[in-house]
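Quick notes on the structure that follows.
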Amino acid sequence: MRLKSLVLLVILSVIAGCGITARVEPFMEPGSNFQLNQGESVVILGRKHQASFQTESTLIDCIASNLASGVNSISIHSTKSFEDALFPYFEPSTAPLTTVEFAILLENELVFREIENTGVRYIVWLDGSTDRTDSGGTISCAAGPGGAGCVGLAWWEDDARYDATVWDITTQDSAGTIYVDYTGRSMIPALITPIPLVVRTQNAACTGLSTQLTSFFSQY
Amino acid sequence: MPLITPLPYNVVLIIDSELSNYEHTESVEGQANWSIGLGNASNDLVTKVIGGLFNSAIIINNQDDSINLDGIDLIIYPKLNRFEFDAPIRGKDVFAESWLQFIFSAFDKDGAPLNEVVITGYGRSEIFRDREGAVNEASQGALRDAGVNIVSLLPNGLDLL
């Protein structure tokens, strides 16, 4: 009985150790109008840079997919076709790295006119990445004639930190920003069999950002 | 087509079979043999970028093709000179990387050589599960990067500015 309680206690404390800490800060510029007229759409772009971090394409695809589906779905323009139409301004060696650089790029008449041609009204500019911030623990496995098994505990912590800036092409200004920071701790406890308890931190950030962006656009 | 104002030159672009059928094969220790076809993508990239960079571009597939050169300012002959890639199996480096080098030779309409410009491109892609897909994506990225460098470096390298 005591052993059962002890095992249960260990399992509960391991499960309690897994989880996500979330911080979301949406900010809508006063007087911003997130209205999409007929034929207008939104494109999701991410920070690109070869020498340092770049926003993952999986996150961009995830947010685009979330915004394009559901009750309050909005019209999403393909990121790839947008980058093709505006080649070579959104390539890793040329893409703006900050919102200030982005504003300067929009002052280029050729770029601005081509964006208008695509029908894109809002650009959601994502800056950030998901990084492994910590990890530890060990799992030892052994096998013999009587069987095999593992003992131990391995864990890791991922931090998904992103800024999403929404640019209104008609005003050439920021309409709002959303900051999210999700920290997730995953574990693999092993008592004979390893049981992975994986927290999908980037997926959580995707859901958080998508929810906030949807609420921006669904107000009008 | 690149989104730029074309330069006021009429060019002939030679895309020969060496470029349009380019294939890189390599045996990497501890991995399967790799065969990466870059011909179609290189052909497409160079044709589109040069087509948008100049006032007009006539494409021929062989240096010996007969063509009326009236009004032609320049003949451009690109060659994919080198291609390298890396797709690590283990370690902390989880990126596939590709690097390539084009040599653009320019001639006047009488065939006299003018200049040679080296254009490079680099691309990388995170490896999740699909290593071949990551190498393919990195190679596409390298080609696009070369496209950016053609736009930004070729006119100056050929003394056209």
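With respect to A:LEU67, is the statement that it is closer than 22 Å to A:LEU209 by Cβ, in a helix (DSSP H, G or I) and away from every other protein chain (no Cβ under 13 Å) true?
It is true that A:LEU67 is closer than 22 Å to A:LEU209 by Cβ, in a helix (DSSP H, G or I) and away from every other protein chain (no Cβ under 13 Å).
Checking the condition part of a strand (DSSP E or B) and either surrounded by fewer than 14 Cβ atoms within 10 Å (Cβ to Cβ) or not acidic (Asp, Glu) (or both), which residue from A:SER129, A:SER81 passes?
Criteria check complete, one pass: A:SER129.
Tell me yes or no: at least one residue of the range A:86-96 is outside any loop (DSSP other than H, G, I, E, B) and either surrounded by fewer than 18 Cβ atoms within 10 Å (Cβ to Cβ) or among the hydroxyl-bearing types (Ser, Thr, Tyr) (or both).
No, there is no match, as no residue in the range A:86-96 is outside any loop (DSSP other than H, G, I, E, B) and either surrounded by fewer than 18 Cβ atoms within 10 Å (Cβ to Cβ) or among the hydroxyl-bearing types (Ser, Thr, Tyr) (or both).
Which residues, counting only those in the range B:112-123, are facing another protein chain (nearest Cβ under 10 Å) and either surrounded by 22 or more Cβ atoms within 10 Å (Cβ to Cβ) or closer than 18 Å to B:TYR77 by Cα (or both)?
B:GLY121, B:GLY123
Kindly provide the set of residues from the range B:1-34 that are among the hydroxyl-bearing types (Ser, Thr, Tyr) and under 18 Å from the mean Cα position of the chain (by Cα), ordered by number.
B:SER17, B:SER20, B:TYR22, B:THR25
Answer yes if at least one residue in the range A:48-66 is open to solvent by 30 Å² or more (accessible area, probe 1.4 Å), more than 21 Å from A:THR177 (Cβ to Cβ) and in contact with a Leu (Cβ under 8 Å, 6 or more places away or on another chain), and no otherwise.
no
Say we look at the range B:137-148 and pick out the residues that are more than 7 Å from chain A (Cβ to nearest Cβ) and open to solvent by 30 Å² or more (accessible area, probe 1.4 Å); which of these is nearest to B:ARG82 (Cα to Cα)?
B:GLN140
Does B:ILE127 count as open to solvent by less than 70 Å² (accessible area, probe 1.4 Å), away from chain A (no Cβ under 11 Å) and modelled with pLDDT of 90 or more?
no
Would you confirm whether or not the range A:9-31 contains a residue that is at pLDDT below 85, over 26 Å from A:TYR182 (Cα atoms), in a helix (DSSP H, G or I) and open to solvent by 30 Å² or more (accessible area, probe 1.4 Å)?
yes
Could you look through the range A:80-104, keep only residues that are β-branched (Val, Ile, Thr) and away from every other protein chain (no Cβ under 14 Å), and pick out the one that is farthest from A:ARG161 (Cα to Cα)?
The extreme case among them is A:ILE104.
Can you tell me which of B:GLU84, B:GLU29 is within 29 Å of A:ARG132 (Cβ to Cβ) and modelled with pLDDT of 90 or more?
Within the list B:GLU84, B:GLU29, the selection yields B:GLU84.
Going residue by residue through the range A:99-122, is there one that turns out to be surrounded by 14 or more Cβ atoms within 10 Å (Cβ to Cβ), modelled with pLDDT of 90 or more and within 20 Å of the chain's Cα centre (by Cα)?
yes
The values are calculated or read from the model by the stated rules, or taken from the named source; none is laboratory data. Everything quoted here is computed from the prediction, not taken from an experiment. Every residue, glycine as well, gets a Cβ built from its backbone with ideal geometry; the counts of neighbours run over all protein chains shown. Only protein heavy atoms, including side chains, enter the accessible area calculation; ligands, DNA and RNA are left aside. Shrake-Rupley method; radii C 1.70, N 1.55, O 1.52, S 1.80 Å.
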